[in-house]
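Take a look at the structure set out below.
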Amino acid sequence: MQKPKNLRSLDIKAFAKADMHLEGETPLAELTRLAEDCHGDATGQVAWSAQGAMAAGASGKDTAWLHLEAKATVPLTCQRCLHPVPVEVLVEQDFRFVADEATALAEDDESEEDLLVLEDNFDLLSLMEDELLMSLPLVPMHPACLSEQVPTSPEEEAILSDAKPNPFAVLASLKTRKH
Ligand SMILES: [Zn+2]
């Protein structure tokens with residue numbers, strides 16, 4: 001398989017069968033949904049890599065897998081001082097491709113990896129953007145702004161406790177992030 005030119009239309013089966021490794025840098029501005037969340041202009045790059053493989057699925061039959069890693073520093077808006085706050089976001093996720101939505105639903109609960117339906121024209125950049133969006137903090141804040149913040153109402157307290165990583169919340173988000 002030749003190196004694909006269009007990352008938004010990837011033949012994922014051929015990619016997996018060739019054990020292909022792709023890596024590159026994509027401007028944040030090209031990921032328009034992510035760029036909308038940025039403070040001012042979306043400057044910077046997403047450094048990413050994608051590794052394809054054929055390996056056993058839930059039924060024991062070989063199927064296509066994708067290991068995706070992405071890293072970016074996203075300029076978000078601090079929810080206290082409203083100045084830009086650079087937030088480093090890391091994604092590392094395994095995906096397994098299944099034949100249809102019904103199989104994805106049936107096998108989702110017992111799978112560590114995320115399940116995706118196999119398509120001929122797979123949009124790798126869109127998947128990467130989804131994963132980065134899910135990894136953004138709900139309430140971005142400078143560490144100094146966070147420690148200065150004293151909750152003045154139950155609503156604000158709820159928002160602030162969201163901003164601090166709570167181990168149980170992290171666990172819950174890991175459980176619910178499957179799609
Ligand atoms: Zn701040």
Inset, instruction - Determine which member of the set 158, 144 is of a type in the set (Gly, Ala, Ser), over 23 Å from residue 35 (Cα atoms), free of Cβ contacts under 8 Å to residues at least 24 places away in the same chain and within 16 Å of the ligand (Cβ to nearest atom). - result: 144
Legend entry - Pair list, Cβ < 6 Å and 6+ apart or interchain, from region 1-19 residues that are surrounded by 18 or more Cβ atoms within 10 Å (Cβ to Cβ) to residues that are in a loop (DSSP other than H, G, I, E, B): 10/4
Legend entry - Cβ-Cβ under 8 Å pairs, at least 6 apart or on other chains, region 73-85 side under 19 Å from residue 156 (Cα atoms) and touching a residue at least 60 places away in the same chain (Cβ under 8 Å), far side outside any strand (DSSP E or B) and more than 10 Å from the ligand (Cβ to nearest atom): 77/39; 79/139; 79/159; 79/163
Inset, instruction - Search region 12-37 for residues being assigned to a loop (DSSP other than H, G, I, E, B) and modelled with pLDDT of 95 or more, and hand back the single one that is nearest to residue 137 (Cα to Cα). - result: 31
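The values are calculated or read from the model by the stated rules, or taken from the named source; none is laboratory data. No experiment lies behind these values; they were computed from the predicted model shown. With ideal geometry, Cβ positions are generated from the backbone for all residues, glycine too; neighbour counts draw on all protein chains shown.
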